[in-house]
């Protein structure tokens, strides 16, 4: 069995694929939701409620830089 991902550009092609599936020549499956995209959606939803201020972002960047470039 060979698996392919196909972008349908013309609605007529969708009908042809459905006809092939009806003849049991191909199987059509809906793609599973991408875990990465669902994570991004969750993060964006949280950011809408209380996005960090510029000061908070700057403070966090400075902390990370200090740790990264600390001598010792």
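Bear in mind these aren't lab numbers, they're just calculated from the coordinates by the rules spelled out. Keep in mind the model is a prediction, meaning the values are calculated, not measured. Don't worry about glycine lacking a Cβ; one is built from the backbone with ideal geometry, like all the others, and counts go over all protein chains shown.
Quick look at the numbers
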item	result
Matching residues in the range 42-61 - criterion: being part of a helix (DSSP H, G or I) and surrounded by 11 or more Cβ atoms within 10 Å (Cβ to Cβ)	57, 58, 59, 60
Matching residues in the range 9-37 - criterion: being out of contact with any helix residue (DSSP H, G or I) (no Cβ under 6 Å at 6 or more places or on another chain) and assigned to a loop (DSSP other than H, G, I, E, B)	9, 10, 23, 24, 25, 27, 29, 30, 31, 32, 33, 34
Residue pairs meeting the criteria (Cβ under 8 Å; at least 6 apart or on separate chains; first at negative phi and without any contact (Cβ under 8 Å) to a residue 40 or more places away in the chain, in the range 33-56; second surrounded by 10 or more Cβ atoms within 10 Å (Cβ to Cβ) and in a helix (DSSP H, G or I))	52/60
